[in-house]
Amino acid sequence: MIKTRQQAIDPERGAETAAPDKPVRAKRPRQAKPAAKDERRGVLFAAAEAVPFVKTGGLADVIGALPRALKAEGVDARVILPLYGQISTEYTRRMRHVIDFEVEMGWRRQYCGIETLEYDGVTCYFVDNRFYLNRPYIYGGGGDEFERYGFFCRAALNALPLIGFQPRVIHCHDWQAGMIPALLAIQYKHLPFYAGARSVMTIHNLQYQGIFDRKAVQDVLGLGDGLFTADKLEYYGCANYLKAGLVYADLITTVSPSYADEIQTMYFGERLDGLLRARRSSLHGVINGIDTAQFDPANGVEDKLAAPFTASDVSGKRECKAALQRELGLDEDPDAPLVAMVTRLNSQKGLDLVDHVITDMMGLGIQLAVLGQGEAKYTDLFSWAETQWRGRVAARYEMNGALAKRIYAGADIFLMPSLFEPCGLSQMIAMRYGTVPVVRETGGLRDTVLSYNETTGEGNGFSFFSYNAHDMLHTLERAVDFYKNHPQVWRTLMKRGMETDFSWSRSAKEYVRLYGLAERE
């Protein structure tokens, strides 16, 4: 719909201004309502993706689940997302138009519409601009990612006075939302509406930072030269959106306590370890949760599980294993340990370790099921393995959530030998389905999987520390030995995993505490 007059917020003047070339008057946009009591606990999640609207990775699962858990804790949690062209009409046709205005991007004024939809009790706002967002991709490809997500960051801030929501905390996720804390502190905090707002920046994966040409970013966001110093926005001569968020956010979180420690070291710090050490008093690690209703072996009708099962009665898991073997073309051998990997096929996930010792792995008498997409060298590896061990190796190169759940339900062992893993959801999902994890001790894997101790009887899986193929092999061999020769121990490990609380409720309570800390900063 073409508007005759659109509104913009000028952060320098703190007032609404009309585009001068629109001669016809229109109604003034709705102003923010006085904050109601519950709005004083309001939190706005700003992110690039969220289940069920758009997903490329685990970030979407977090944004889809955590706000709901916070609502259960009494927090008015809402979400703001880009309105990508890929979002299904199942959702877009239910959206309601809230307001439209203009956003200043350098010398240009760009249209911005705000659409809204309530999903699972959470109010979601969508930033609409077809030029930036109606493209055949979510990320990359156009060479203007700095401008696309710079627009998103400014639009999210500009929208708040116009939609009647005054959050106490703006919770920003990954580099795509990283400029929000910076813009809030630099250009908006002097305005009365924004004066009380605090920002939280969450790192989901430090590898992805949003590094761009400095002059281009300065042009579109109106950032002066004085801001581009080593202690502020400058990053080796460039602009870095994630660094901007880390410098200016009132509080920083990441997705596991161990990852919070690791990223303060040179090895894992991705050239931001010095900054993170400087801000360590404001850095907190909170383990992600999983949606325990979505991942429920007792109710797998939609996922076509062969049989339901619970921690107190796992007999159905045997049927799920037989059904999975038939589906994947594996030999129907109930006694063969079925090892699964549901993963992105890239080097971060430790697949080069598998490559080094796959012949030895198969020598343990296992079956191997792999689901994922990624680099050609790993699809080549598993395609070769399928021909080398027919009936014992099956690989599917796709994103298939229902099949993933059938693999979790039917497998005996879940292999996750990651080089690094900020949190990891797969190991928690696997344990939810009674599949015992074998992991490398890094990040969230270290925080969620405790290696079985034969002396004390403690543990819920198996782990190794060094990033070494033979250490992984020997740990897998140990797991296979317990599966084959110590069924009572194996049953105990299955039960422990299934009964562990990996729900978002636990994480939400910690975030409520951290929001309180941010407001006191």
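Using only the Cα atoms of the range 315-502, build the gyration tensor, take square roots of its eigenvalues as a ≥ b ≥ c, and label the shape rounded, prolate or oblate: rounded if a/c is under 1.5, else prolate if a/b is larger than b/c, else oblate.
Rounded shape, in that the Cα axes give a/c under 1.5.
Excluding G285 itself, what net charge comes from residues whose Cβ is under 12 Å from its Cβ, given Lys and Arg +1 and Asp and Glu -1?
Residues close to G285 contribute a combined charge of -2.
Where both partners of a DSSP beta bridge lie in the chain, what percent of those bridges are antiparallel, to the nearest 5?
In the chain, DSSP labels about 35 percent of beta bridges as antiparallel.
Which value at 222 nm does the chain reach when only helices count, each DSSP H run of 4 or more adding -39,500 (n - 2.57), with the total divided by all residues and rounded to the nearest 500 deg cm²/dmol? Mind dumping the intermediate values first?
On the way: 18 runs with 184 residues, N = 521.
The helix-only estimate for the chain comes to -10500 deg cm²/dmol at 222 nm.
Considering only DSSP states other than H, G, I, E and B, which chymotrypsin sites (Phe, Trp or Tyr not before Pro) in the range 68-137 qualify as loop sites with at most 13 other Cβ atoms within 10 Å?
Numbers: sites: Y84, Y91, F101, W107, Y111, Y119, Y125, F126, F131, Y132, Y137; in loops: Y84, W107, Y137.
Taking the range 68-137 and a limit of 13 other Cβ atoms within 10 Å, the loop chymotrypsin sites (Phe, Trp or Tyr not before Pro) found are W107, Y137.
List the residues of the range 272-287 whose backbone N lies under 14 Å from a point placed 7 Å from the Cα of V512 along the Cα-to-Cβ direction.
Within reach of a label on V512: no residues.
Which residue, chosen from N346, W504, L221, occupies the Cα position most advanced towards the positive end of the dipole of the chain, where the dipole is computed from +1 (Lys, Arg) and -1 (Asp, Glu) charges on Cβ about the Cα centre?
L221
So if each residue of separation counts as 0.36 nm, and I subtract the Cα-Cα distance between R130 and N485, what length gain in nm does that give?
121.8 nm is the gain from fully extending R130 to N485.
With a ≥ b ≥ c the root eigenvalues of the C-alpha gyration tensor of the range 368-416, is it rounded (a/c under 1.5), prolate (a/b larger than b/c) or oblate?
Values: a/c = 2.00, a/b = 1.28, b/c = 1.57.
Oblate, because a/c is 1.5 or more while a/b does not exceed b/c.
Report the one residue of G516, C320, T310 whose Cα lies farthest in the direction of the positive end of the charge dipole of the chain (charges on C-beta: Lys and Arg +1, Asp and Glu -1; origin at the Cα centre).
G516
So how much slack lies between S383 and T456, counting 0.36 nm per residue of separation and subtracting their Cα-Cα distance, in nm? Don't skip to the answer; put the middle values down first.
On the way: separation 73, 0.36 × 73 = 26.28 nm, distance 4.14 nm.
Once the chain is fully extended between S383 and T456, it gains 22.1 nm.
Provide the gained length on full extension for the span S88 to M399, in nm with one decimal, where the gain is 0.36 nm per separating residue minus the Cα-Cα distance.
Gain on stretching S88 to M399: 110.3 nm.
Near Y125, within a Cβ-to-Cβ distance under 11 Å, what is the net charge of the other residues, with Lys and Arg +1 and Asp and Glu -1?
-1
I need the calculated FRET efficiency for the pair A195 and R280, taking r as the beta carbon distance and R₀ as 35 Å, to the nearest 0.05.
0.80
Take the cross-link list K317/K484; K321/K405; K243/K349; K55/K377; K349/K484 and give me the ones stretching past 20 Å between alpha-carbons.
K243/K349; K55/K377; K349/K484
What shape does the chain take by its C-alpha gyration tensor, where a ≥ b ≥ c are the square roots of the eigenvalues and a/c under 1.5 counts as rounded, a/b above b/c as prolate, and the rest as oblate?
Prolate, since a/c reaches 1.5 and a/b exceeds b/c.
In which sequence would S451, S383 go, from the one with the fewest C-beta neighbours within 10 Å to the one with the most?
Arranged by neighbour count, lowest to highest, S451, S383 become S383, S451.
With a cut-off of 8 Å between alpha carbons and a minimum separation of six or more residues, what is the relative contact order of the chain in percent?
Relative contact order, the chain: 12 percent.
Coordinate-derived values only; no laboratory data. These numbers come from a predicted model, not from an experiment. FYI the Cβ positions are ideal-geometry reconstructions off the backbone, even for glycines, and counts take in every protein chain you see.
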